[in-house]
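So the structure is just underneath, and the comments pick up after that.
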Amino acid sequence: MAKKKGQTIVKIYQDWCKGCGICVTFCPSGVLRFNNQGKAEVAHEEECINCGFCEVHCPDFAILVQPKNETGSRKNQTESMKVPASAEDSMNPSNEEIS
Amino acid sequence: MAKVTQLIHNYLRHTKKFPHVFCPGCGHGIVLGSLIRSVHAQGIPKDDIVLVAGIGCSGRIPVYVDFNTVHTTHGRALTFATGIKLANPKLKVIVIMGDGDAMSIGGNHLMHSARRNIGLTALVLNNHIYGMTGGQSSSTTPFGCYSTTTPFGQMEKEFDIAEITKACGANFVARATVMQANLMDRLISTALINPGFNLVEVITPCHTQFGRKNKYKTTVDMYKWLKKNATPIEKYVDMPPEKKKEVVSTGVFSHKDCAGLEERYAQMRQNLNGGAA
Ligand SMILES: Cc1ncc(C[n+]2csc(CCOP(=O)(O)OP(=O)(O)O)c2C)c(N)n1
Ligand code: SF4
Ligand code: SF4
Ligand code: SF4
């Protein structure tokens with residue numbers, strides 16, 4: 001995989017982030033930082049080398065790293081893996097969890 | 001590397017409350033992500049999977065994921081899983097346990113599941129402590145470490161889950177830390193498709209109950225320790241004994257493909273029926 005900078009969009013779901021700091025500490029490119037609420041935020045998106053570390057090591061599935069020009073052959077793959085509409089809703093759920 | 005998070009969201013139960021119940025930085029979430037990626041990579045349909053868990057923070061994992069799930073009793077997850085597998089061998093039965101579950105109260109079941117080589121995929125989330133109940137020491141709390149019940153340091157020697165499972169005869173035994181998500185994906189993938197009893201031990205930080213009592217200022221410090229001290233088993237075996245104490249060995253400890261108990265059972269039934277299935 002080419003480690004070129006600036007090819008990706010990095011997104012943090014603020015509602016799911018617990019501010020543990022794993023992504024902020026271990027991102028090899030200094031892309032992320034804490035905001036004043038103690039959660040992770042994207043500071044230098046253009047520095048991202050798409051190494052994938054943050055996505056697989058966030059315990060809360062709160063980080064999205066996505067190539068900027070997602071076209072052509074990758075489209076089908078993208079479609080099948082899209083976050084369902086309900087996922088967005090569940091970021092602020094009101095229903096109680098049963099154990 | 002993209003689409004990883006979307007993929008995981010596709011497997012979650014979005015009727016449940018998110019973010020999940022685990023503490024900030026708890027490694028249990030990373031293991032759940034790895035399990036989902038591995039199931040997806042192996043192309044196993046959601047409905048063919050039964051995820052069986054015991055009780056503990058680790059036992060909460062099945063709540064969040066859209067497989068067939070069973071939340072059983074503390075220490076007995078393997079017994080439920082054995083019954084499920086023998087009743088319907090076509091199902092892919094995955095068992096999630098904490099170190100308390102698997103090796104303390106449930107140690108006997110783990111030993112015998114490995115000995116019988118029953119066709120299961122067991123994930124043991126070893127945080128070296130009873131997380132859910134307030135940080136009591138478990139059978140894997142390392143010698144000298146502090147916990148609620150060992151305020152002056154653990155006097156007993158800890159179990160090595162991977163080595164014990166290997167000695168009991170399991171087909172596949174491996175260990176990774178949650179700082180090695182890619183290795184963990186590969187190990188869990190193998191553990192999903194290999195026949196017989198397959199166990200992956202995952203070393204996962206619990207800062208809330210273990211780290212704070214053992215001089216880790218933050219959860220990130222525990223991840224730094226894992227990053228620095230995870231050592232491939234091939235390198236580990238040649239290290240001097242005093243060095244071995246300071247690191248954690250990772251990789252594949254055992255890899256065989258003997259038939260699982262459920263396969264031998266089916267064969268036996270066929271033999272006794274004079275060759276009919
Ligand atoms: C038979 C029984 N004994 C004791 C308990 C209390 N109990 C609940 S969870 C737990 C320990 C959990 O530790 P572990 O299995 O390591 O999981 P973790 O919470 O660390 O993920 C204990 C002792 C119980 N629920 N049932
Ligand atoms: S790893 Fe995830 S939960 Fe932790 S700070 Fe980063 S985005 Fe937030
Ligand atoms: S993909 Fe790698 S470089 Fe990009 S933000 Fe994540 S950890 Fe940093
Ligand atoms: S108590 Fe420990 S094991 Fe339980 S959720 Fe918190 S960090 Fe995880």
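The values are calculated or read from the model by the stated rules, or taken from the named source; none is laboratory data. Everything numeric here is computed off the predicted structure, so don't read it as measured data. Cβ atoms come from the backbone with ideal geometry, glycine included; neighbour counts cover every protein chain shown. Note: areas computed on protein heavy atoms with side chains; ligands, DNA, RNA excluded. Shrake-Rupley method; radii C 1.70, N 1.55, O 1.52, S 1.80 Å.
Numbers below:
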{"item": "Qualifying residues in region B:238-275 (those that are among the aliphatic types (A, V, I, L, M) and within 27 Å of B:I188 (Cα to Cα)) - the one most open to solvent (accessible area, probe 1.4 Å)", "result": "B:V252"}
{"item": "Close pairs from region B:125-136: first more than 14 Å from every other protein chain (Cβ to nearest Cβ), partner open to solvent by 10 Å² or more (accessible area, probe 1.4 Å) and within 16 Å of ligand 2 (Cβ to nearest atom), Cβ under 7 Å, at least 6 apart", "result": "B:I129/B:C206"}
{"item": "Residue match in region B:190-200 (condition: away from ligand 3 (no atom under 16 Å from the Cβ), open to solvent by less than 10 Å² (accessible area, probe 1.4 Å) and of a type in the set (F, W, Y))", "result": "yes"}
{"item": "Lone qualifier among A:I63, A:I22, A:I49 - being at pLDDT 95 or above, within 16 Å of ligand 4 (Cβ to nearest atom), among the β-branched types (V, I, T) and surrounded by 15 or more Cβ atoms within 10 Å (Cβ to Cβ)", "result": "A:I22"}
{"item": "Some residue of region B:145-155 being surrounded by 19 or more Cβ atoms within 10 Å (Cβ to Cβ) and either within 14 Å of chain A (Cβ to nearest Cβ) or charged (D, E, K, R) (or both)", "result": "no"}
{"item": "Every pair of residues 6+ apart whose Cβ atoms lie under 6 Å, when the first sits in region B:1-14 and is of a type in the set (S, T, Y) and modelled with pLDDT under 90 while the second is outside any loop (DSSP other than H, G, I, E, B) and surrounded by 19 or more Cβ atoms within 10 Å (Cβ to Cβ)", "result": "B:T5/A:E55; B:T5/A:L64"}
{"item": "Residue match in region B:159-180 (condition: among the polar types (S, T, N, Q), open to solvent by 40 Å² or more (accessible area, probe 1.4 Å), over 15 Å from B:V124 (Cα atoms) and within 16 Å of ligand 1 (Cβ to nearest atom))", "result": "no"}
